[in-house]
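Student: Pasting in a structure now, in structure tokens, and then I'll have a few things to ask.
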Amino acid sequence: MGRFDAYHSKVLCDHLCEQIHRLAKRPLRLMEVCGGHTMAIRKHGIPSLLPDIISLLSGPGCPVCVTSPSFIDQAIYLAGQSNMIICTYGDLLRVKGSNGSLEMARTEGKNVRVIFSALEALEMARREPEKMIIFLGIGFETTAPATAAVIIQAKKHAIRNFFVLSAHKLMAPAMEAIVSNDIPINGYICPGHVSAITGTSIYKKIVEDFRIGCVVSGFEPLDLLQTIFMLVRQAETDRPALDIQYSRVVKPWGNQKAIALMEEAFETVDDWWRGLGILNASGLKPKASYHEFDAAEVFQIPANNISDPEGCICGEILKGLQLPVDCRLFGKSCTPENPEGACMVSSEGSCQTYYHYEHRR
Amino acid sequence: MCLSIPAEVITLKDDTALVSVNGLEVNVSTLLLDNLKTGDYVLIHSGFAIEIIDSEEAEKTLSVIRHMRISK
């Protein structure tokens, strides 16, 4: 922090809250679709600072929460093959498939390694040429360019023992699905770091066709309060618009180099989302020209369809239709220490953030 | 998962930058960004610098908030 401490200023937060209270006249439901926002909003107690008529909802913005359990099954299957090493971001480790998690697979002796960067997986492939290294590509547009860059590097340097099992997803199709399903939303708090890559054009349809305001927000308390102020003003004047609050990072045109790398390495596919089902062109997989790095193309992986644990309402929570406290498993059989549903597994899942910041108040 | 942290660029070499995160120095990839300079503040996500933080814009945003007034 340090340099950006002013974004925590209590004086300015109080000032913004006062302006929001003066402006807000009618009930509003504002949805964020970024796990970082879910955490920041609860951690800073933002809902308690707002007029009661403003509700903040968490949408499908946590990649771990929306990913299919069968992806975990596929990863565990590969981890059980001889000479294979699964490399994953830590977020995915505790998510359960039909028969346990990657963490459990690791305790059973299967080769699962946690990494912080896709480059570490590529480096591992260089260092251990006799092993096959499978990198689990998960995340939205913030994370996908790194995977794309690494696939392109693997091809450039002819690294033949590096593969990606991709569950990368695109943010906008899910946001459009929410509003197409008539889920009542008056404005979107748009994800700051996804937008740093994509720019703002991905939200155009939501603003123009669905008349829902979209404001790209940063993650500090002042960022979130200013974004909420902007969305309230749009709603009160009935002028939904596409705006950037997080202008110190996000440009309307995004990060063109990152976009070009994603377009070089990936193509879109129809993909499954928890709560939303299959959405057209909402996932990313390596293009035909990079098939030799696509674990789903190279290896025969058994497919299966499995459902969430009985009683789990993660799907409804991810659509903003129910709250974590509405789930009968919440805080009982489903806790951060022993999660049942995906939204309790991830530190940025709605259920886990609720558990930490609301449940115990 | 999209969590990114600010860091200051200390040195640049090939596709890598040595950056300081609150005094902790780490190497990150610059494959996703062109035109980085020493002293730039960048956002780091999973080992990659993903965007430059514009200090002028940061100040402008604060100034807008300071001068915001809604009459009742």
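The values are calculated or read from the model by the stated rules, or taken from the named source; none is laboratory data. Keep in mind it's a predicted model, so treat the numbers as computed, not measured. Using ideal geometry, Cβ is built from the backbone for each residue, glycine included, and neighbour counts are taken over all protein chains shown. Surface areas here come from the heavy atoms of the whole protein model, side chains and all, with no ligands, DNA or RNA. Shrake-Rupley method; radii C 1.70, N 1.55, O 1.52, S 1.80 Å.
Student: Less than 16 Å apart at the alpha-carbon level, and either on another chain or at least 8 residues along: which lysines does that give for A:Lys251?
Tutor: A:Lys204, B:Lys60
Student: Which whole-percent values make up P(r) of region A:314-359 when all C-alpha to C-alpha distances are grouped in 10 Å steps starting at zero?
Tutor: It works out to 34, 63, 4, in whole percents.
Student: Calculate the all-directions average of the projected area of the protein assembly as shown's alpha-carbon convex hull, and give it in nm². It would help to have the intermediate numbers written out before the result.
Tutor: On the way: hull surface 81.1 nm².
For the protein assembly as shown, averaging the hull's shadow over all directions gives 20.3 nm².
Student: Order the peptides A:342-354, A:259-271, A:213-225, B:19-31 from the highest to the lowest mean number of other Cβ atoms within 10 Å of their residues. Before the final figure, lay out each step's value.
Tutor: Values: A:342-354: 27.2, A:259-271: 18.0, A:213-225: 25.2, B:19-31: 15.8.
Ranked by mean Cβ neighbours within 10 Å, highest first: A:342-354, A:213-225, A:259-271, B:19-31.
Student: Which whole number gives the average count of other chain Cβ atoms within 10 Å of the Cβ atoms across peptide A:43-49?
Tutor: Details: counts 0, 0, 0, 0, 0, 0, 0.
Counting other chains' Cβ atoms within 10 Å and averaging over A:43-49 gives 0.
Student: Same structure, new question: With Cβ to Cβ distances under 12 Å as the rule, what net charge do the other residues near A:Ser333 carry (K, R +1; D, E -1)? Provide the component values of the computation, followed by the final result.
Tutor: Working: positive: A:Arg328, A:Lys332; negative: A:Glu310, A:Glu337, A:Glu340.
Computed value for this residue: -1.
Student: Protein chains only, probe 1.4 Å: how do A:Trp253, A:Trp273 rank by accessible area, largest first?
Tutor: Values: A:Trp253 150, A:Trp273 0 Å².
The ordering from most to least exposed comes out as A:Trp253, A:Trp273.
Student: Shifting gears a bit: Could you please put A:His44, A:His356, A:His193 in sequence from largest to smallest accessible area, using a 1.4 Å probe? Mind dumping the intermediate values first?
Tutor: Values: A:His44 60, A:His356 85, A:His193 5 Å².
Largest to smallest exposure gives the sequence A:His356, A:His44, A:His193.
Student: Right, here's the next one. For peptide B:48-55, compute the average count of partner chain beta-carbon atoms within 10 Å of each residue's beta-carbon. It would help to have the intermediate numbers written out before the result.
Tutor: Values: counts 10, 0, 10, 13, 5, 5, 5, 3.
Partner-chain Cβ atoms within 10 Å, mean over residues of B:48-55: 6.
Student: When the Cα atoms of region B:5-66 are enclosed in a convex hull and the volume is divided per residue, what value in Å³ results?
Tutor: Numbers: hull volume 5.4 nm³, N = 62.
Once divided by residue count, the hull of region B:5-66 is 87 Å³.
Student: Let me ask something additional. Setting aside same-chain residues fewer than 8 positions from A:Lys43, which aspartates and glutamates have a Cα under 13 Å from its Cα?
Tutor: A:Glu220, A:Glu348, A:Glu358
Student: Report, as an integer, the average count of C-beta atoms from other chains found within 10 Å of each Cβ along B:62-69.
Tutor: Rounded to a whole number, the mean comes out at 5.
Student: Here is a follow-up. Excluding residues fewer than 8 places away in the same chain, name every one of the lysines whose C-alpha is closer than 16 Å to that of A:Lys155.
Tutor: Reachable lysines: A:Lys285, A:Lys287.
Student: Which net charge results when you count Lys and Arg as +1 and Asp and Glu as -1 among the other residues whose beta-carbon is under 12 Å from that of A:Gly100? Can you show the working numbers first?
Tutor: Working: positive: A:Arg94, A:Lys96, A:Arg106, A:Lys110; negative: A:Asp73, A:Glu103, A:Glu108.
Result for the local shell: +1.
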